[in-house]
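Colleague: Quick one: the structure is below, questions incoming.
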Amino acid sequence: MDLQILSELSNDASISVPRLSKKIDVNSSVVYSRIKRLVKRKLIERFTIVVNDAELGYDVKALTGINMDTKKRDHVIEELFKINGVRKIAEVTGRFDILVTMYSKSLDQMHKMVSEKIGRIEGIQSSESFIEMKSRTKAMPYMPSKGND
């Protein structure tokens, strides 16, 4: 039942408990207490919204892979977060040290962000940017698929 609740809330965190209980055919008070328990166990960290960046004019999204002097890691990350448009920084394995997710309102603005701001941060050795052309997202399936193992 917890996995059903997680799946439904992943699809729509704004669903009411009565509606959710009807959907999964479980009493509302049980669903409410299970949600409280999931929060307490930290399986649910928070209930949130998804903002449509394109509707706000942020039509360009890029991932930028960066190699840096690891001695200046904290400085580089701190400076990156000072740049408007930098949304997320992930330390990764592979050919880059970090991947930076950035949004801008135009390709020109993205170009300036990469060349004039990121390129001037002390400690960055190299970078390579990937402009997102189109993306598709699949919700994490918390319920086992019917017919599969």
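What follows draws every value from the coordinates through simple rules; no lab data is involved. Keep in mind it's a predicted model, so treat the numbers as computed, not measured. Note: ideal-geometry Cβ built from the backbone for every residue, glycine included; neighbour counts use all protein chains shown.
Colleague: How big is the charge dipole of the chain about its Cα centre, in debye rounded to the nearest 20, if each Lys and Arg gets +1 on its Cβ and each Asp and Glu gets -1 on its Cβ? Mind showing how you got there, number by number?
Modeller: Working: 26 positive and 20 negative charges, 137 e Å.
The calculated dipole for the chain is roughly 660 debye.
Colleague: In addition: Using a Gaussian network model of the chain with C-alpha springs under 10 Å, which one of Thr101, Thr137, Thr70 is most mobile by mean-square fluctuation?
Modeller: Maximum among the listed residues: Thr137.
Colleague: Moving on. Under the Kirkwood approximation applied to all pairs of distinct alpha-carbon atoms, what is the hydrodynamic radius of region 53-131 in Å? Before the final figure, lay out each step's value.
Modeller: On the way: mean 1/r = 0.0798 Å⁻¹.
Taking every pair of different Cα atoms in region 53-131, averaging 1/r and inverting gives 12.5 Å.
Colleague: Still on this structure, I have one more. Any idea which of Ile83, Leu9, Ala139 is furthest toward the positive side of the dipole for the chain, if Lys and Arg beta-carbons carry +1 and Asp and Glu beta-carbons -1?
Modeller: Selected residue: Leu9.
Colleague: In a Gaussian network model over the chain where Cα atoms closer than 10 Å are linked, find which of Val26, Val60, Val86 has the largest mean-square fluctuation.
Modeller: Per the Cα network of the chain with a 10 Å cutoff, Val26 tops the list.
Colleague: Seen from all sides and averaged, what is the projected area of the convex hull of the Cα atoms in the chain, in nm²? The partial results should precede the final answer.
Modeller: Values: hull surface 49.6 nm².
For the chain, averaging the hull's shadow over all directions gives 12.4 nm².
Colleague: On a 0 to 90° scale, report how tilted helix 28-40 is relative to the longest principal axis of the chain, with both axes built from alpha carbons and the result rounded to the nearest 10.
Modeller: The two axes meet at around 30 degrees.
Colleague: Here's something else I'd like to know. Once the dipole of the chain is set up with Lys and Arg at +1 and Asp and Glu at -1 on Cβ about the Cα centre, which of Asn67, Gln109, Val26 lies farthest towards its positive end?
Modeller: Positive-end residue among those listed: Val26.
Colleague: To continue, here is another question. How big is region 1-59 by Rg and Dmax over its Cα atoms, in Å?
Modeller: 13.8, 43
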